[in-house]
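Rule-based calculations on the coordinates, nothing more; no lab input. Because the structure is a prediction, the values reported are computed rather than measured. Counting neighbours? That spans all protein chains shown, and the Cβs are built from the backbone with ideal geometry, glycine included.
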Amino acid sequence: DSGTRNLWPVDSCSCVDFETVHTFHSTKAVEHPTQAKTRLEWATVALTIVAILARSEYHRTCAGSYATQSRQPRQVRKEATATGPCVCSGIPGASHSAIQPALYTQFRRTYTTECFEANPLKFDLRPRSLRRAKISALGTYVPPRLLTNADLEKMVDTNDQWIVERTGIRERHIVDPGVATSDIAVEAARACLAERGIEPSELEAIIVATVTPDMMFPATACLVQHKLGARGAWGFDVSAACCAFVYALQVGTKLIESGAHKKVMVIGADVMSSIVDYKDRATCIIFGDGAGAVLLEPAEEGEVGMIDYLHEIDGSGAASLYMPGGGSLHPPTAETVAKNMHVVHQDGQAVYKFAVRKMSEATEALLVRNGIHGSDLDCFIPHQANKRIIESTAERLGIERERVIINIDRFGNTTAGTIPLAMQTAREENKLHKGDVVLLASVGAGYTVGTCLLRWEI
């Protein structure tokens, strides 16, 4: 109405900012007196529009910052300055034009100069948060017992050459009877804590990525917490098959970035031998047992840590790789056991085609979004499901072979354990160093897809 229409500030500014909102709320409303309720409603509308405009500017500027940045040689990249309007402010959804100069100067001094200039990146950092998370320690464990291809030749109709040519696997580690997922998870966790030099009681949260829990409930995280002696910690399980570790890693990262916790342990562990049919040569040759754990903590001055991620699920592929029995749909009965429903069932061709396509698509999308190429990466650590899938992805991304970590020949597919085990392999082979830009990628049952970009800070 005539008493409120002049609250909208289109006649006096070309860029909405917080000072503008304050001016219009304090002066224009006085020029046209109305009821307090009406003024409050219009002020709310104005603030809402400001938020929409700021968010639109955020997406506009960021959309250009990833894909349109100039390319530089990899050796120059580490020396270049981190760019992007949202990095400087440290405020999600904010750009230079939407922040008063004084505020911009303050946030740039605090969160760009002090945190990033000591060890800058050439691409825009994601997420734009005041606190970043990093991996500060790593620990792994595999059981000592080996199951070689020669052993499998005595169990099913197969041979070493056939297995190596199709999967790249030569041997895998298998637990002894009575050893559960929580047991190998605890071993990996202890190794991680020892590397960091802290006590279990210092952990605030424990996230266990697994598709082979000790039991339906309680969560394996509860059992790990008790066996580890991490009093006061809380936690839960993440069931996402081969992508479970990268999914759990992002959940833990957000707990750190939010300021809720300072020490979060993420564990990927699976005893796949407990759900594999050793009469089925299509699956028993693939899987092994193993665990890996990382500790997440806030990044220190000059560190970057976790940068960005891209995850996806596609339930249309559920029946391509699954264990049909044991859940609420098919509870355990004599009939489900007789029908062999409590072991892994796989459509190998369907899974292979999806994995080859989606691992490449997801990793490419993540790199483009951050304005870098495969040749810029220092280390590519993929899920170890099939050597041919790994090599196909690396070739498409343009990653040199010496930067691709492959250890499937020694461990097989340990599901949630593959990526942390491959991290350890990278360190042992002197292919992973502090400051390296690392790409993680995985595709698994579900279908699930996960990829993550980070800077290694150990």
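As a ratio to 2.2 N^0.38 Å, the alpha-carbon radius of gyration for the range 305-399 is 1.43.
As a rough footprinting exposure proxy, the listed residues Lys262, Lys353 were ranked by other beta carbons within 10 Å of their own, and the order from fewest upward is Lys353, Lys262. An ellipsoid equivalent to the range 132-195, defined through the eigenvalues of its Cα gyration tensor, has semi-axes of 32, 16, 8 Å when rounded to whole angstrom and sorted largest first. Under 5 Å from the amide H of Ala133 lie the amide H atoms of Ala299, Met306, each residue being 5 or more positions distant or on a separate chain, with H modelled from the backbone and absent for Pro and chain starts. Taken one residue at a time, the phi angles of the range 392-402 give Karplus couplings (6.51, -1.76, 1.60, θ = phi - 60°) of 5, 5, 4, 5, 5, 7, x, 9, 5, 4, 5 Hz. Gly and Pro are set to x. Full extension of the chain between Asp280 and Asp347 yields a length gain of 22.9 nm, computed as 0.36 nm times the residue separation minus the alpha carbon distance. Close lysine pairs were tallied over the range 262-404: pairs 8 or more places apart or on different chains with Cα atoms under 25 Å apart number 5. Shape class for the range 163-311: prolate, because the ratio a/c of the largest to smallest gyration tensor axis (alpha-carbon atoms, square roots of eigenvalues) is 1.5 or more and a/b beats b/c. For the range 243-353, the Stokes-Einstein estimate of translational diffusion at 25 °C and a viscosity of 0.890 mPa s comes to 144 µm²/s, using the Kirkwood hydrodynamic radius over alpha-carbon pairs.
You can think of it this way: the chain between Ile313 and Thr333 has 4.2 nm of extra reach, that is 0.36 nm per residue less the Cα-Cα gap. Listed from fewest to most Cβ neighbours within 10 Å, the set Thr158, Thr418, Thr167 follows the order Thr158, Thr167, Thr418. Once Rg and the Kirkwood radius are both taken over the C-alpha atoms of the range 300-458, their ratio Rg/Rh works out to 1.04.
Neighbours of Gly417 by Cβ distance under 9 Å: Lys/Arg scored +1, Asp/Glu scored -1, total -2.
Projecting the Cα atoms of Ser328, Gly288, Val304 onto the charge dipole of the range 269-364, computed from C-beta unit charges around the Cα centre, puts Ser328 farthest toward the positive end. Net charge of the neighbourhood of Thr393, taken over other residues with C-beta under 14 Å away and scored Lys/Arg +1, Asp/Glu -1, is +3.
Considering only beta bridges that DSSP places wholly inside the range 325-458, some 60 percent are antiparallel.
Ranking of Asp176, Asp214, Asp289, Asp160 by neighbouring Cβ atoms within 10 Å, starting from the fewest: Asp176, Asp160, Asp214, Asp289. Couplings for the range 217-234, taken from phi via the Karplus curve 6.51 cos²θ - 1.76 cosθ + 1.60 with θ = phi - 60°, read 7, x, 4, 4, 4, 5, 5, 5, 4, 5, 5, 7, x, 8, 5, x, 7, 10 Hz in order; Gly and Pro are left as x. Amide H to amide H, with H built 1.01 Å from N, Val211 comes under 5 Å of Ala416, counting only residues 5 or more places away or on other chains.
In this structure, the amide hydrogen of Tyr447, modeled 1.01 Å from its nitrogen in the peptide plane, lies closer than 5 angstrom to those of Asp314, Gly315, Ser316, Gly317, Ala318, counting only residues at least 5 positions away or on a different chain. Rounded to whole numbers, the Karplus 3J(HN,Hα) couplings from phi for the range 200-216 are x, 5, 7, 6, 9, 8, 10, 10, 10, 8, 6, 10, 10, x, 4, 7, 4 Hz, using 6.51 cos²θ - 1.76 cosθ + 1.60 with θ = phi - 60°, and x at Gly and Pro.
Note down the net charge around Lys434, summing +1 for each Lys or Arg and -1 for each Asp or Glu among other residues with Cβ under 10 Å from its Cβ. Summing Lys and Arg as +1 and Asp and Glu as -1 gives -2.
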